[in-house]
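What follows is a set of notes on a single structure, which appears directly below.
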Amino acid sequence: MFKVRKAVFPVAGLGTRFLPATKTVPKEMLPIVDRPLIQYAVDEAIEAGCDTLVFVTNRYKHAVADYFDKAYELEQKLEKSGKTELLAMIRDVLPADVRAVFVTQAEALGLGHAVMCAEPVVGNEPFAVLLPDDLIWNNRLGSTGRGALGQMVDIAHRDRSSVIAVQDVPREQTGSYGIVDVNGVTDNPADIRGMVEKPHPEVAPSTRAVVGRYVLSPRIFELLHQTRPGKGGEIQLTDAIAALLGEERVQAYEFEGRRFDCGSRVGLVEATIQFALDHDDLAGPVRAYLEQALAEPRR
Ligand code: UTP
């Protein structure tokens, strides 16, 4: 059985690329139009069938827990003034049958370490990891209609294997990603036989880059415990996955949908434009503004 019910959201990073905003606002709470980044990832996990959401936070990130908590005063006010649509919107940030669990990562010792902090809640079952700053837009999905994680969960269930999301990137960008080496180069999903962290374009085994969605076997926890700190003194999830490959089947899957790297400023701006163009009430004015702005001479 490879049924995935639990989703881990590592949100304890420092978010230095968005300073000074992230001095007080966690990166995951930055909005794309009217919803924070974390909400998009949570919705994707719920759509994929997860009912337990594990947030790995740090002591500065109360905003994330507050967001998923009940907002009594606000709810009362909206109820009194009959604003039922808004009321439903703030109540629906988490459906009633989904539970949120918060665990703390005392020190930012890396993504692998953050995932390890979720072990007591996840236990001995397969689970998902979603990095909310990778926003995957799938409103115009053609055939499956599933979000990226949903597509992966289906494959994991069918093949009883771990599945890692990958995306083809231009060769000159391999140095910014974990890159997988696969058996059948045209297969999708494809069995992974090796992984290299941030290889130089000339030595990269492929151009398939790991992005922030994983379905992992619980064996990863034991391997994380054995993983020594790597680059920058951090415990890397990639190193533990590389060890997992030696023991179990792990597949790379190129998902349907478009990914925005909202951990970078340009990605956040691109996502904002895309999502605004996708909103019925915003599309017209935003398109008109963009046309006008683009017609102005460059400074
Ligand atoms: P990033 O590499 O994007 O780091 O982490 P960061 O600290 O969030 O952002 P920058 O680079 O300083 O701007 C990838 C993911 O792993 C989580 C982050 O919250 C993010 O979702 N993470 C990273 C942790 O939860 N703990 C860590 O110790 C490191």
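Nothing in this text is a laboratory measurement; each read-out follows from the coordinates by a stated rule. Fair warning: this is a prediction, and the values are worked out from it, not measured in the lab. Note that each Cβ is placed from the backbone with ideal geometry, even for glycine, and that neighbours are counted across all protein chains shown.
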Kindly provide the pair-distance distribution of the stretch 114-254 built from C-alpha pairs, with 5 Å bins from 0 and whole-percent values in order of increasing distance. 2, 10, 19, 23, 23, 15, 7, 2, 0
Using only the alpha carbon atoms of the stretch 37-82, find the Kirkwood hydrodynamic radius as the inverse mean reciprocal pair distance, in angstroms to one decimal. 12.7 Å
At 222 nm, what value in deg cm²/dmol follows for the chain if DSSP H runs of at least 4 each add -39500 (n - 2.57) and the sum is divided by all its residues, to the nearest 500? -10000 deg cm²/dmol
Step by step: find N for the stretch 113-193, compute 2.2 N^0.38 Å, then divide the Cα radius of gyration by it. What's the final number? 1.25
Restrict the search to the stretch 100-200; then list the GluC sites (Glu not before Pro) that DSSP places in a loop and that have at most 14 other Cβ atoms within 10 Å of their Cβ. E107
Take every Cα pair under 8 Å in the stretch 162-249 that's 6+ residues apart, average their separations, divide by the length, and report that relative contact order as a whole percent. 33 percent
What is the spread of the Cα atoms of the chain along each of their three principal axes, largest first, in whole Å? 59, 51, 40
Candidate aspartates and glutamates for bridging to K70, where Cα separation is under 20 Å - those fewer than 8 sequence places away on the same chain excluded: E28, D34, D43, D51, E79, E85, D92, D97
When only C-alpha pairs under 8 Å and at least 6 residues apart count, what is the relative contact order of the chain, in percent? 22 percent
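Which trypsin sites (Lys or Arg not before Pro) does the stretch 62-142 hold that lie in a coil by DSSP with at most 13 other beta carbons within 10 Å?
Working: sites: K70, K77, K80, K83, R91, R99, R140; in loops: K70, K83, R140.
Counting only loop positions with at most 13 other Cβ atoms within 10 Å, the trypsin sites (Lys or Arg not before Pro) in the stretch 62-142 are K70, K83, R140.
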